[in-house]
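> Here it is, the structure in full.
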Protein chains: 2
Amino acid sequence: MLVVQKYGGTSVGSTERIRVVANRVQRVVSEGHHCVVVVSAMGHSTDALVDLANELVPRADLREMDSLLSTGEQVSASLLAMRLIHLGCPAKSLTGWQAGIETEAVHGNARIAAIETATLRSLIDKGIVPIVTGFQGIADGEITTLGRGGSDTSAVALAAALSADVCEIYTDVDGVYTTDPRVVKTARKLDRVSYDEMLELANLGAQVLHPRAVENAKHFAVPLVVRSSFTEEEGTKVVAMTENRMEERHVVTGIAFERQVARIAVIGVPLEQHGLASVFSELAEHGVNVDVIVQSVVGEATVDVSFTVNEPDVERAVDIVQGLKSKLGFARVESESNLAKVSIVGAGMISNPGVAAQMFVTLRDANIFVQMVSTSEIKVSCVIPAGAVEAAVQALHHTFVDANSEVAVSAN
Amino acid sequence: MLVVQKYGGTSVGSTERIRVVANRVQRVVSEGHHCVVVVSAMGHSTDALVDLANELVPRADLREMDSLLSTGEQVSASLLAMRLIHLGCPAKSLTGWQAGIETEAVHGNARIAAIETATLRSLIDKGIVPIVTGFQGIADGEITTLGRGGSDTSAVALAAALSADVCEIYTDVDGVYTTDPRVVKTARKLDRVSYDEMLELANLGAQVLHPRAVENAKHFAVPLVVRSSFTEEEGTKVVAMTENRMEERHVVTGIAFERQVARIAVIGVPLEQHGLASVFSELAEHGVNVDVIVQSVVGEATVDVSFTVNEPDVERAVDIVQGLKSKLGFARVESESNLAKVSIVGAGMISNPGVAAQMFVTLRDANIFVQMVSTSEIKVSCVIPAGAVEAAVQALHHTFVDANSEVAVSAN
């Protein structure tokens, strides 16, 4: 079996942790498997490098930033390789360019274009464990990086290119939970989720796996496992929807939530102005991320557009939209901070049209006022007051997860 | 003019220091010169990486150590480049492999084999300052390092390959002194020394320039300047012997010294055993560095061999030599610790046979007992008791430097 293992920053956060990781890799190899390891930078070392850059320049050149940050993974990869060699397990650290990870010629947030696997395959064939630096690649002889969460993406891309049997993502949590266990005592680890569910959960604040990595895993059908490098727990398998649905009895897989949400409403946008396009292009150009968007027709000739942004961005976003007033001729802009978003996610929803209604009833019974609603095939999100988020998550977990737990557990 | 500037670890030891270096580079460029910069790792960052490796393994794999340590220079090069770009001075950091520095396929202590200058020349032609990581290169796609002091070697090799007009070595001292100013108050900075004198001074403990770099500078006739990045002082020029001798009036250029010396004597080695070869091959194989070697014939059929080692190596060295006793049939091994070595260095000595005698007289008058003597064309070294080293250096400085300072100063 060929296993790709990715170890995140906390998993290689100290030499003590690197020893533990080396033991784990050695065990897989001693069981007769081939192993390719992808590592992040040690603990907060990337932040320390960013701090150095910030001390020198207000806005660092992206090429130089890539060259600077890529050293973090090179350090952890070399350290892990030397520890494995010391344990008698042949290993070699490979930087992005040494591993043949070719990206677009973009700095700071490049996408992987291709992986030249000759070097990796040759090492694997010789029984040498490649320890690949995550988060980085090469384009035209220049060091590039993949942006935040890039090491997950590196691991999945390598697993796809090498047709690995499984890609294990090691982190400091032992899997994907039905919701945040700090908020709901009965939250339980999922044995499996579908790629799409994982994607919704990842995007909705369950930051165990980077969304880009999940997308790639889905696209290339790479079987993922999310698990902890701190325990021997089994973790959560992330698998294709069809495979998952076969055994699926419960409709809602998990409850995700996000704090620090603000809502902006643009009232009375004349229909003929194509207001939506202008507003969101302008926000995107200024780097403001917009999440939920709701539009409804009020009068005959105008629409109201509501959308959410991260709370710290709200003033800037309002200013940007106000700047469009004369051009678009809308009536006014309203904004509201101190909100949160709560979502139910589950592949089973597609065939259960009553799920959204059940969510609204649950929130109503808990006296929680829903201000915005947005739905996708496998998700329903509600924007609610920030103070109600814990009560909402608990109530929803009770309705959708606890009530079905007997069935769900037996299904796995 | 094309200037290669090399900044050592203390010169780029903090972001504050990197700002100062950036200003200095920018000034050279604004004066219309082309500039290629070579940097060491920041301050003690290399030691910190070595510590991490030591926490993991007793003896690190050399390939992985190279990959680990090479990140130090990559960090400082990126930081300096982004600061220069911020100042409006186009710059690009280049790792060893990006700069085309090809070395032997050896890890930990590789020699530079060739420099493929196409990338560097193209940047220079475009008015972009290449910021090259010192200490490292590439061999068959593997990251290699040049060993301690390797950044000096990188700078000199680049200066030679690019036919630079000058190679400036920036450090935390403002030049090469007649001796250590902490020992002799009247020690003064030399305006120029010859490559050979610098070589003897460097080997003898005046650690401003790595001997390998000086050797390469001499071989490729690269004009060197040693100066401080902390001041605007002129520094010391290291030039060819002939050029230097033209203006040379003083016989002794500097007084070097080294503490922590131990002497080992192998007494009564039968002549027919080729004892010298056996003893020193065996020591070299065990990694014991031998410095001064003196041999004298005592009886008709035996010789006594004396040599010095670094004090911390003495017990090990004695054990190694004792192990040869049955093979070589020598009488006994003696050793003495707590010694020092003091040397006078100067290109003018070649034509002044009385200099050694003048040194012995000076030491005798200071009541310092000389235990070993070794001479080269431009150097006389004496091994003396460690407690006498300061008195010896002061007396020799008085005899050879202070007495000639009027002449020497006017000669420059």
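> Taking the criterion of being touching a Ser or Thr at 6+ places or on another chain (Cβ under 7 Å), within 12 Å of chain B (Cβ to nearest Cβ), surrounded by fewer than 24 Cβ atoms within 10 Å (Cβ to Cβ) and at pLDDT 95 or above, would at least one residue in region A:124-138 satisfy it?
Yes: region A:124-138 contains one or more residues that are touching a Ser or Thr at 6+ places or on another chain (Cβ under 7 Å), within 12 Å of chain B (Cβ to nearest Cβ), surrounded by fewer than 24 Cβ atoms within 10 Å (Cβ to Cβ) and at pLDDT 95 or above.
> Anything in region A:160-182 that is in contact (Cβ under 8 Å) with a residue 40 or more places away in the chain and over 18 Å from the mean Cα position of the chain (by Cα)? List them, or say none.
Of everything in region A:160-182, those that are in contact (Cβ under 8 Å) with a residue 40 or more places away in the chain and over 18 Å from the mean Cα position of the chain (by Cα) turn out to be A:ALA160, A:ALA161, A:LEU162, A:SER163, A:ALA164, A:ASP165, A:VAL166.
> If only one of B:GLU233, B:GLU168 is part of a loop (DSSP other than H, G, I, E, B), within 19 Å of B:SER11 (Cα to Cα) and in the same structural domain as B:MET42 (by TED's automatic domain parsing), which one is it?
Only one candidate qualifies: B:GLU233.
> Another one. Of all residues in region A:326-354, which are among the aliphatic types (A, V, I, L, M) and under 23 Å from A:PHE307 (Cα atoms)?
Once the filter is applied, which keeps residues that are among the aliphatic types (A, V, I, L, M) and under 23 Å from A:PHE307 (Cα atoms), region A:326-354 yields A:LEU328, A:ALA331, A:VAL333, A:LEU339, A:ALA340, A:VAL342, A:ILE344, A:VAL345.
> Does region A:110-118 contain at least one residue that is over 20 Å from the mean Cα position of the chain (by Cα), over 16 Å from A:GLY8 (Cα atoms), buried (at least 24 other Cβ atoms within 10 Å of the Cβ) and within 14 Å of chain B (Cβ to nearest Cβ)?
Checked against the condition, which is being over 20 Å from the mean Cα position of the chain (by Cα), over 16 Å from A:GLY8 (Cα atoms), buried (at least 24 other Cβ atoms within 10 Å of the Cβ) and within 14 Å of chain B (Cβ to nearest Cβ), region A:110-118 yields no hits at all.
> Looking for something among the charged types (D, E, K, R), assigned by TED's automatic domain parsing to the domain that holds B:ASP172, closer than 25 Å to A:LYS92 by Cβ and touching a residue at least 40 places away in the same chain (Cβ under 8 Å) - is there at least one such residue anywhere in region B:32-51?
No, there is no match, as no residue in region B:32-51 is among the charged types (D, E, K, R), assigned by TED's automatic domain parsing to the domain that holds B:ASP172, closer than 25 Å to A:LYS92 by Cβ and touching a residue at least 40 places away in the same chain (Cβ under 8 Å).
> Continuing with this model, one more query. Look through A:ILE138, A:ILE128 and report the one residue that is β-branched (Val, Ile, Thr), touching a residue at least 12 places away in the same chain (Cβ under 8 Å), assigned by TED's automatic domain parsing to the domain that holds A:THR95 and in contact with a Gly (Cβ under 7 Å, 6 or more places away or on another chain). Break it down stepwise before answering.
On the way: A:ILE128 fails: in contact with a Gly (Cβ under 7 Å, 6 or more places away or on another chain).
Exactly one residue qualifies, and that residue is A:ILE138.
> Which members of region A:306-325 meet the condition of being part of a strand (DSSP E or B) and over 26 Å from A:PRO270 (Cα atoms)?
Selection gives A:ASN310 alone.
> Kindly check whether there is at least one residue in region B:326-344 that is touching a residue at least 24 places away in the same chain (Cβ under 8 Å), part of a helix (DSSP H, G or I), loosely packed, with under 14 Cβ neighbours inside 10 Å and among the basic types (Lys, Arg).
If we filter region B:326-344 for residues that are touching a residue at least 24 places away in the same chain (Cβ under 8 Å), which is where we start, we get B:327-344.
Applying the additional criterion that residues be part of a helix (DSSP H, G or I) yields B:327-328.
Next, from what is left, pick out any that are loosely packed, with under 14 Cβ neighbours inside 10 Å: B:327.
With the extra rule that they be among the basic types (Lys, Arg), the set shrinks to B:327.
Yes - at least one qualifying residue is present in region B:326-344.
> Still on this structure: Go through (1) polar (S, T, N, Q); (2) part of a loop (DSSP other than H, G, I, E, B); (3) buried (at least 20 other Cβ atoms within 10 Å of the Cβ) one by one and return the number of the condition A:ASN367 breaks.
(3)
> Still on this model: Go through (1) touching a residue at least 12 places away in the same chain (Cβ under 8 Å); (2) under 26 Å from A:ASN109 (Cα atoms) one by one and return the number of the condition A:THR302 breaks.
Among (1) touching a residue at least 12 places away in the same chain (Cβ under 8 Å); (2) under 26 Å from A:ASN109 (Cα atoms), the lone unmet condition for A:THR302 is (2).
> A:THR362 is checked against (1) hydroxyl-bearing (Ser, Thr, Tyr); (2) in a strand (DSSP E or B); (3) free of Cβ contacts under 8 Å to residues at least 40 places away in the same chain and fails just one. What number does that condition carry?
The one condition A:THR362 does not meet is (2).
The values are calculated or read from the model by the stated rules, or taken from the named source; none is laboratory data. Note that the coordinates shown come from a computational prediction; the quantities given were computed from them, not determined experimentally. Positions of Cβ are backbone-derived with ideal geometry, glycine not excepted, and every protein chain shown enters the neighbour counts.
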